[in-house]
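The values are calculated or read from the model by the stated rules, or taken from the named source; none is laboratory data. The structure presented is a predicted model; accordingly, all values stated were derived computationally and were not measured. Cβ sites come from the backbone with ideal geometry, for glycine too, and all protein chains shown count toward neighbours. Protein only, heavy atoms only, side chains kept; ligands, DNA and RNA dropped before computing areas. Shrake-Rupley method; radii C 1.70, N 1.55, O 1.52, S 1.80 Å.
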Amino acid sequence: DTAVSQTPKYLVTQMGNDKSIKCEQNLGHDTMYWYKQDSKKFLKIMFSYNNKELIINETVPNRFSPKSPDKAHLNLHINSLELGDSAVYFCASSQGRAGELFFGEGSRLTVL
Amino acid sequence: GQSLEQPSEVTAVEGAIVQINCTYQTSGFYGLSWYQQHDGGAPTFLSYNALDGLEETGRFSSFLSRSDSYGYLLLQELQMKDSASYFCAGLDQAGTALIFGKGTTLSVSS
């Protein structure tokens, strides 16, 4: 069983489109995250949810909207996609202090 | 501000020992974590130091000195499969999310 799973793994789309990435964890963790990894491998926190409540919302364009229907799911919706949104998006979860994160396999988004 | 600095690249040969350093500037700091990421893969957790000192897990050890704002990851008996990117990461002020360094690419040759 995959602990943190994301879909889709690959996404190729045109500028201006809207797309969503889904994430589910079966670890029973309370906290979930979205990270963005750019072409230089820099991992940047985007959002953090604890028990369905938004905890962290870093400086991210409001075209990005996370949604957590329950504590096992955290989805990411992106409106009006831009070239600079091309990256790998990682979902992660943790329990308690966030020193240990469990990452999903990543969703590679390519905007043409 | 919160930032973590680590070398961008390190090279070594099989069987050797390598140390990857991480220095940080942050306040309200709770601990230092280390992650490994192979090309095309997801970051995987290696270790977490909440307190000063050395933590050992098999061939990997991690060290933290909070007074020096410094830590390192020590990899022993290097193997080809250890070729990967290694990230140090610190908890943010609220202790709610990890802030990552830019990563160190380790290349192990035979």
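Rundown of residues vs (1) free of Cβ contacts under 8 Å to residues at least 40 places away in the same chain; (2) within 11 Å of chain B (Cβ to nearest Cβ), yes/no style:
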position	(1), (2)
A:Lys52	yes, no
A:Leu83	no, no
A:Ala87	no, no
A:Ala92	no, yes
A:Leu112	no, no
Item to check | Selection count where residues are more than 10 Å from every other protein chain (Cβ to nearest Cβ) and surrounded by 13 or more Cβ atoms within 10 Å (Cβ to Cβ), scope segment A:28-40 | outcome: 5
Checklist entry - Among A:Ser80, A:Ser94, A:Ser107, A:Ser86, which is the only one that is among the polar types (S, T, N, Q) and in contact with a His (Cβ under 7 Å, 6 or more places away or on another chain)? => result A:Ser94
Next on the checklist: With the requirement that a residue be in a loop (DSSP other than H, G, I, E, B), of a type outside the set (Lys, Arg) and open to solvent by less than 70 Å² (accessible area, probe 1.4 Å), what does segment B:45-84 give you?
Outcome noted: B:Ala50, B:Ser69, B:Gln76, B:Leu78, B:Gln79, B:Ser83
Checklist outcome for this item: Of the conditions (1) modelled with pLDDT under 95; (2) open to solvent by less than 40 Å² (accessible area, probe 1.4 Å), the single one that B:Gln36 does not satisfy is (1)
Item to check | Of all residues making up segment B:90-104, the number that are at the interface with another protein chain (Cβ under 8 Å from one of its Cβ atoms) and surrounded by 17 or more Cβ atoms within 10 Å (Cβ to Cβ) | outcome: 9
Checklist entry - Mind checking whether some residue in segment B:41-49 is over 26 Å from A:Tyr49 (Cα atoms) and modelled with pLDDT of 95 or more? => result no
Checklist entry - Considering segment A:1-18 alone, what residues qualify as being assigned to a strand (DSSP E or B) and open to solvent by 70 Å² or more (accessible area, probe 1.4 Å)? => result A:Thr7, A:Tyr10, A:Val12
Item to check | Which listed residue, of B:Gly15, B:Gly31, B:Gly41, is facing another protein chain (nearest Cβ under 8 Å), surrounded by fewer than 17 Cβ atoms within 10 Å (Cβ to Cβ) and of a type in the set (Gly, Ala, Ser) | outcome: B:Gly41
Item to check | Single unsatisfied condition, B:Thr96 versus (1) of a type outside the set (Lys, Arg); (2) farther than 24 Å from A:Glu105 by Cβ; (3) modelled with pLDDT under 95; (4) more than 15 Å from the chain's Cα centre (by Cα) | outcome: (2)
Checklist entry - Just a yes or no: is a residue in segment A:25-47 over 13 Å from the mean Cα position of the chain (by Cα) and among the hydroxyl-bearing types (Ser, Thr, Tyr)? => result yes
Checklist entry - in contact with a Pro (Cβ under 9 Å, 6 or more places away or on another chain) and of a type in the set (A, V, I, L, M) - does that describe any residue in segment B:44-61? => result no
